[in-house]
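Quick notes on the structure that follows.
The values are calculated or read from the model by the stated rules, or taken from the named source; none is laboratory data. Just so it is clear, the structure is predicted and the values come from calculations on it, not from any experiment. Ideal geometry is used to build each Cβ from the backbone, glycine not excepted, and the neighbour counts take in all protein chains shown.
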Amino acid sequence: MNKTIIGLLCGLGAASIWGGMYVVSKVVLEIIPPFTLVTLRLLLGVLTLVIVLLIKGFPAISQKQILQVLGVGFVGYGISLSLQFIGTKLSTAANGSLVTSATPAFVLLFAWLLLGEKITSRRLLALFLATLGVIAVIDPRSAQLNPDLFLGNLALIGAAISWALYSVLVRKVTQFTDVLLFSMLAFLGGLPVSIPASVWELSTFGVGEITLGVVGGVLFIGIISTALAMVLWNTAFAYVDASIASLTFFAQPVVGTLLGILILGEEVTPLFLLGGILIGSGLIISSRE
């Protein structure tokens with residue numbers, strides 16, 4: 001397989017994992033406050049990748065490169081993840097899926113500004129078809145725009161923009177850095193934001209009752225949704241142009257809906273089938289550029 005196919009498969013793998021994370025994180029956030037969950041997520045991600053790198057061997061990296069990766073991690077894991085969890089807690093899962101689906105459009109813009117990637121008619125068509133597909137899958141009628149959710153929705157918009165910026169910076173920095181090492185160091189870059197906020201949260205609000213289900217949810221978020229999924233996502237952007245790799249992000253609502261069908265017995269709607277076809281068409285068009 002060429003790098004484009006591998007990159008797209010990695011991006012789809014990451015987005016598929018995240019597709020099931022909204023439900024898990026919504027449940028865990030009822031017990032553990034947002035910044036504390038971000039901190040646990042990053043620490044578990046670091047620990048997992050350190051073990052892998054100890055087995056594989058640590059690649060060489062300069063001090064300048066370390067600082068660059070930490071800065072990228074600050075944007076992606078300090079700012080974006082925090083905004084994502086705050087938004088998920090203060091808004092709804094449907095709003096989260098709908099608002100963050102704008103991420104690939106922001107990636108297209110940042111890739112043009114920072115990487116000089118061309119905004120071609122093929123890429124615009126692929127983005128347009130995939131976006132229509134997401135709208136069909138999510139069904140925007142399920143979104144809620146009442147004033148009580150304003151701050152949560154605003155946080156979700158911030159998460160979409162900052163995650164797009166992070167993803168484009170991944171493409172730039174991983175040209176000279178091993179993806180596993182990059183991911184581990186980037187997790188560390190998010191901790192200066194999450195740890196102080198977590199200390200304040202715990203002293204102000206505390207945590208709820210920790211059950212085995214909550215522990216399992218935290219482990220899933222930290223090891224699978226962070227260590228594994230982030231490495232897959234970063235690999236996608238290392239291998240493929242950012243504006244193309246970003247389209248795999250649209251797999252999230254598809255997987256979330258599929259889980260609802262398989263686990264909750266929800267009905268397969270014509271809109272879901274149409275959305276899946278449109279998203280797949282967008283990926284095929286973009287991969288052939």
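Within the stretch 259-289, the residues that satisfy the criterion of being buried (at least 16 other Cβ atoms within 10 Å of the Cβ) and at pLDDT 75 or above are Gly275, Gly276, Leu278, Ile279, Gly280, Ser281, Gly282, Leu283, Ile285. Is one or more of the residues making up the stretch 247-255 in contact (Cβ under 8 Å) with a residue 60 or more places away in the chain and outside any helix (DSSP H, G or I)? Within the stretch 247-255, none of the residues are in contact (Cβ under 8 Å) with a residue 60 or more places away in the chain and outside any helix (DSSP H, G or I). Among the residues of the stretch 88-101, is any in contact with a Pro (Cβ under 6 Å, 6 or more places away or on another chain) and under 21 Å from Thr39 (Cα atoms)? Within the stretch 88-101, one or more residues are in contact with a Pro (Cβ under 6 Å, 6 or more places away or on another chain) and under 21 Å from Thr39 (Cα atoms).
Just one of the listed residues (Gly116, Gly152, Gly190, Gly133) is over 30 Å from Lys56 (Cα atoms) and in contact with a Phe, Trp or Tyr (Cβ under 7 Å, 6 or more places away or on another chain), and it is Gly133. Here Leu29 does not qualify as under 19 Å from Trp233 (Cα atoms) and either touching an Asp or Glu at 6+ places or on another chain (Cβ under 7 Å) or not β-branched (Val, Ile, Thr) (or both).
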